[in-house]
Every structure is written in structure tokens, then in C-alpha cells.
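Only one structure is covered here, and it is reproduced in the block below.
Derivation of every value follows stated rules applied to the coordinates shown; laboratory data play no part. Just so we're clear, the structure is a prediction, and the values are computed from it rather than from any experiment. Here Cβ is always computed from backbone atoms with ideal geometry, including for glycine, and neighbour counts include all displayed protein chains.
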Ligand code: HEM
């Protein structure tokens, strides 16, 4: 494996940690029936987002990157960020997140993971 390939795999690893942190933090709230947005979700989104943008650069690959797929993932990530921002604001004001906002974050996070793995 070349240095660039190793570097890419390390960034994919970091990207996956971001996904795990975001989805894990969300799942804990869903299973506990608390349905709150927590700061850990923002960290997961930030980690996945920064690593994802790095992965959008074509280093350490011998094939063409799928930029339609990467663009859709970026849009989904920005929507998740907007929902987290709006939900956190509501939570501060009313003490709870509207259920549609809460469930959308989980569904959109899984959607991005599904797109990552299934869209080739
Ligand atoms: C919540 C947000 C996201 C989730 C859950 C997510 C999930 C994943 C997962 C599970 C993989 C591994 C699949 C594989 O290697 O085949 C992956 C890879 C990748 N993601 Fe994301 N992702 C997210 C956001 C983003 C964003 C915003 C971008 C770019 C703007 C991005 C770009 C990429 C790229 C380029 C790869 C392929 C890595 C490679 O093959 O070298 N991701 N993502």
C-alpha cells in the first residue's frame, strides 16, 4: 500500500468514528425515549463532516470518485446540521425537540451511511 492509500484509510477510519459518535449519541437518546439532542451529536457530525470533505479530494485512489454521491452526502450532512441547530434552539426554549426533527436526524444519518455503502 502506498503512503497516500494508508493516509486515505486513516481518514476513512476517522470518518467512521464520526459516524459512530453521531449515530451512537442519537441511538442512546432514542432507546432511552428521551429524544433530546446532545452536544456529542454535534461532535460526531463535525468529525464525519471534516473527514468527509478530506475524502472528497482524490488522493490515494486509482479510480474516479463519485462526485454526485459525495455532493448528495454533503447536502444531507448540511440538512442534519440545520436540524440539529434548530432542534437545539427549540430544546433550549421549550425543553424538548419536536419529534419530527429528532427522528429525521437518525434517518438522515442512516441514509448517508446507506448512500456511502450502497451507491457505487
Ligand atoms: C452523517 C454524515 C455521513 C455519514 C454517516 C457517512 C458515512 C460513511 C461511511 C459509512 C463510509 C464508508 C463506506 C465505504 O468506505 O465504502 C463513508 C465513506 C465516504 N464518505 Fe461519508 N458519511 C457522511 C458524510 C460525508 C460527507 C459530508 C462527505 C463529503 C463531502 C463524505 C464523503 C465520503 C467519501 C468520499 C467516502 C469514501 C472513502 C473512500 O472510499 O476513500 N461523507 N461515509
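Points worth noting:
- Using R0 = 22 Å, the C-beta based FRET efficiency linking residue 38 and residue 110 works out to 0.80.
- Projected-area average for the chain over all orientations - Cα convex hull basis, square nanometres: 7.4 nm²
- Residue 96 versus residue 31: modelled label distance in nm, points set 7 Å from Cα along the beta carbon direction: 2.3 nm
- Spin-label model, residue 4/residue 46: points 7 Å from Cα along the beta carbon direction are separated by 3.1 nm.
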